[in-house]
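Asker: Below you'll find the structure I mean.
The values are calculated or read from the model by the stated rules, or taken from the named source; none is laboratory data. Because the structure is a prediction, the values reported are computed rather than measured. Here Cβ is always computed from backbone atoms with ideal geometry, including for glycine, and neighbour counts include all displayed protein chains.
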Amino acid sequence: MCGIAGYFGDFTPALLPEMGAAIAHRGPDGQGAWAEGRVGLAHARLAIIDLSPAGAQPMASADRRVVVTFNGEIYNFRELRDRLTSEGVTFRGSSDTEVLVELLARFGEKCLPWLNGIFAFAAWFPAERRMILVRDAAGVKPLYWTRTAAGYAFASEIKALRPVPGIDWSPDPVAIASYLTLLYAPADLTPALGVRKLQPGEIMEWKDGTASVIRRFAARPNEQGPHDLSTVDAVEACRSYLQQAVRRQLVSDVPIGGFLSGGVDSTALAVLSVQALGEGSRYPCFTVASPIESLRGKEGIADDFPYAQLAAKRLGIPLYAVSQESAAIQDVDRLVWMLDEPTPDPAAFMTYAISRAARERGVKVLLSGAGGDDLFSGYRRHQALQSERYWGWWPKPLRAGLRQLTSGNSQTNPLSRRLSKLFAHADAEPDERLASYFLWLGHEAMLPMLGADFRETLGHRRSTDLLTGSLANLPEGVTRLSRMLHLDRSFFLASHNLNYKDKMGMACGVEIRVPLLDADLASFAERLTDKQRIHGGETKYLFRRALRGLVPNEVLDRPKAGFGLPLRGFFHEVYGPQLRRLAAEGRLDGTGVFTGAGVIALLDADRRGEVDATYPLLGVLCIESWLRQFAQR
């Protein structure tokens, strides 16, 4: 894992070291730069495989046909290295980067589908005067880019683009609305109009004298239909893919450990890792100490900590508990600076706290269970979708009655809150209703918080438009559950969960790996049938079957709990006063995005239990912080 940055255009030589300095935290083990004419590449190194100088970057191929700056890991690099060696290639070191460079020199973009890993990289082909940017198929590693009058620039983090002259840092209206309603900006959106994200599985090409081109190198979701395996065979295949994925991602020349929430995903990784390593002491784990009981109850979530302790004891692994206080939850400015984006999710705080604790104990790599719910159907919204079989076919007026009946539910009670959310868009069109399950705040409820000019700029555009547009491009016959999982993987996972995990881990010099998103495992999971995903109301049915006998039954059969802090329980004591102060000082109105009166009205309604808006209200604080730290020049 590393940080990358660079440019292709008529920029001053002083730009490259400035960009490199902005991502230095991602690579505490070394910094490098390479420049030639109109091209500059920077690299910040976190040494994981081949700790010697032979792994330093930017790196050129032996024949100088390509120069690469690379962030990530290629887990099958040894097999690919053997192939190259058999063809006469001689290697100077043992890094996966060198394997990538030599593959690109010989095969060009043809080699991209061969890579099993997580990555974002830039490759310069001097003879062709051509640069490509590439991002892995799952979107684990971030990559931002911009175009100005001088040319193109890219970086692992938005903050590394701040020194680039000519970028439009004006807030993107659709992105800002998305942070308030979805908690993240989907697709290629970022908070700034002049900065975009390369999307998962995409390749972008810059070449002298031609316009930029973006195309896919990875297969599109749902291109293959469901497999024809029996459930028994599918269980065996799932277990085999899981074991293979963990073995691949334990490859490291530095100490490795894991997150252990006490949930199914992280416990499964712990079990399989201990099996592969041979002893629990070689896999230290990190968890979050129990939240205050009264706050946890208000969230309607189960307590993780006892399950993490149970798993650690049975596996014989060291378990380190991180207190919530160590997450510095009040420091919104620091959160936003590290994230690059105004992401209002307390889970990011805890990821940072765990990553810092791991680094302090010498652990530079952590395995995370991210992606398990998105691949195997583990979220409450998947269960909610299944309930549509009982009411989704009703005539629209009756479905509208369901919405009206539950719209006045108290939002302080978890059950009534979930019912009102379930039916909030019951009378919408099917794809709109599907996208609405991802909303934390409805579009109409958000609008009064926005200033008149900003609301006019937003116009009729909605944060869910990109989601519904994506659904329209899926093949015919894809089930509603598969369509929802497509949204999970393409938007929620890539733009939200994986983004904050990467940024918070790298802020501490820790690489966070995600074995459950292994390419082979993900391809298998995508072809499961609906009944193998949710059966008899049980989420992740096949996944749990594959782990039965490996993972303790107490963990397999426990209720789901989200990762993070019980925000609803302490929001009005911790963040409410900050919002009121910003409104009173006119600083919310001064953003050009918000109206202070509208924000306070929503804050008061949330306190009374009329709406559930704590996450979007935290989003207001995050957006104000982002505008102040990034957009003000």
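Asker: Would you pick out the residues in region 61-87 that are in contact with a helix residue (DSSP H, G or I) (Cβ under 7 Å, 6 or more places away or on another chain) and in a strand (DSSP E or B)?
Answerer: Within region 61-87, 68, 70, 73, 74 qualify.
Asker: Separate question: In region 256-295, what count of residues is obtained for those that are part of a loop (DSSP other than H, G, I, E, B) and either buried (at least 20 other Cβ atoms within 10 Å of the Cβ) or at pLDDT 95 or above (or both)? Explain how you work it out, then say what you get.
Answerer: Applying the first criterion (part of a loop (DSSP other than H, G, I, E, B)) to region 256-295 yields 260-263, 278-279, 283-284, 289-292.
Narrowing further to those that are either buried (at least 20 other Cβ atoms within 10 Å of the Cβ) or at pLDDT 95 or above (or both): 260-263, 283-284, 291.
Total satisfying the criteria: 7.
Asker: Restricting attention to region 207-229, report how many residues are part of a loop (DSSP other than H, G, I, E, B) and out of contact with any Leu (no Cβ under 6 Å at 6 or more places or on another chain).
Answerer: At the first step, the residues of region 207-229 found to be part of a loop (DSSP other than H, G, I, E, B) are 208-212, 217-229.
From what is left, the residues that are out of contact with any Leu (no Cβ under 6 Å at 6 or more places or on another chain) are 208-212, 218-221, 223-229.
Number satisfying all stated conditions: 16.
Asker: Can I ask one more? Within region 607-623, work out how many residues are surrounded by 23 or more Cβ atoms within 10 Å (Cβ to Cβ) and assigned to a helix (DSSP H, G or I).
Answerer: Total meeting the criteria: 8.
Asker: Mind listing whichever residues of region 167-191 are in a loop (DSSP other than H, G, I, E, B) and either modelled with pLDDT under 95 or within 18 Å of the chain's Cα centre (by Cα) (or both)? Spell out how you get there, then give the answer.
Answerer: Taking region 167-191 and keeping what is in a loop (DSSP other than H, G, I, E, B), we get 167-170, 172, 182-191.
Correct list: 182, 183, 184, 185, 186, 187, 188, 189, 190, 191.
Asker: I would also like to ask the following. Take region 99-147 and flag every residue that is more than 26 Å from residue 9 (Cα to Cα) and either among the acidic types (Asp, Glu) or not in a helix (DSSP H, G or I) (or both).
Answerer: Selection gives 115, 116, 117, 118, 137, 138, 139, 140.
Asker: Related question: Please give the helices (runs of 4 or more DSSP H) falling wholly within region 318-385 in which 1 or more residues are crowded, with 17+ Cβ neighbours inside 10 Å and either without any contact (Cβ under 8 Å) to a residue 24 or more places away in the chain or among the basic types (Lys, Arg) (or both).
Answerer: 347-360
Asker: Kindly list the number of the only condition in (1) touching a residue at least 40 places away in the same chain (Cβ under 8 Å); (2) among the hydrophobic types (A, V, I, L, M, F, W, C); (3) more than 24 Å from residue 220 (Cβ to Cβ) that fails for residue 137.
Answerer: Evaluating residue 137 over (1) touching a residue at least 40 places away in the same chain (Cβ under 8 Å); (2) among the hydrophobic types (A, V, I, L, M, F, W, C); (3) more than 24 Å from residue 220 (Cβ to Cβ) leaves (3) as the failure.
Asker: Could I ask something else about it? For residue 96, only one of the following conditions fails: (1) under 19 Å from residue 205 (Cα atoms); (2) crowded, with 16+ Cβ neighbours inside 10 Å; (3) not β-branched (Val, Ile, Thr). What is its number?
Answerer: Every condition holds for residue 96 apart from (1).
Asker: I want to confirm something. Restricting to region 147-196 and keeping residues that are in contact with a Leu (Cβ under 7 Å, 6 or more places away or on another chain) and over 22 Å from residue 454 (Cβ atoms), which single residue is surrounded by the fewest Cβ atoms within 10 Å (Cβ to Cβ)?
Answerer: Ranking the candidates gives 163 first.
Asker: Enumerate the pairs (first residue in region 30-47 and free of Cβ contacts under 8 Å to residues at least 24 places away in the same chain; second residue anywhere and among the small types (Gly, Ala, Ser) and part of a strand (DSSP E or B)) with beta-carbon separation below 7 Å, excluding pairs fewer than 6 apart on the same chain, so at least 6 apart or on different chains.
Answerer: Listed by first residue and then by second, the contacts come to 31/44.
Asker: Please determine, by comparing only the residues of region 476-526 that are in a loop (DSSP other than H, G, I, E, B) and out of contact with any helix residue (DSSP H, G or I) (no Cβ under 6 Å at 6 or more places or on another chain), which one is modelled with the highest pLDDT.
Answerer: From region 476-526, those in a loop (DSSP other than H, G, I, E, B) are 476-479, 508-510, 514, 518; that's our starting set.
Cutting the leftovers down to out of contact with any helix residue (DSSP H, G or I) (no Cβ under 6 Å at 6 or more places or on another chain) gives us 476-478, 514.
Details: 476: 86, 477: 87, 478: 92, 514: 97.
Top of the filtered list is 514.
Every residue, every condition in (1) in the same structural domain as residue 286 (by TED's automatic domain parsing); (2) more than 22 Å from the chain's Cα centre (by Cα); (3) buried (at least 20 other Cβ atoms within 10 Å of the Cβ), yes or no:
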site	(1), (2), (3)
507	yes, no, yes
511	yes, no, yes
518	yes, no, yes
534	yes, yes, yes
541	yes, yes, yes
548	yes, yes, no
559	no, yes, no
569	no, yes, no
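Asker: If you don't mind, another one. When you check residue 414 against the structure, is it at pLDDT 85 or above and farther than 30 Å from residue 173 by Cβ, yes or no? Let's see the steps before the verdict.
Answerer: Details: at pLDDT 85 or above: no; farther than 30 Å from residue 173 by Cβ: yes.
No, not satisfied.
Asker: Restricting to region 1-51, and then to whatever is part of a strand (DSSP E or B) and β-branched (Val, Ile, Thr), can you tell me which residue is surrounded by the fewest Cβ atoms within 10 Å (Cβ to Cβ)?
Answerer: Among residues in region 1-51 that are part of a strand (DSSP E or B) and β-branched (Val, Ile, Thr), the one surrounded by the fewest Cβ atoms within 10 Å (Cβ to Cβ) is 39.
Asker: When you look at residue 135, is it more than 28 Å from residue 503 (Cα to Cα) and either crowded, with 21+ Cβ neighbours inside 10 Å or out of contact with any Gly (no Cβ under 9 Å at 6 or more places or on another chain) (or both), yes or no?
Answerer: Here the answer is no, as residue 135 does not meet what is asked.
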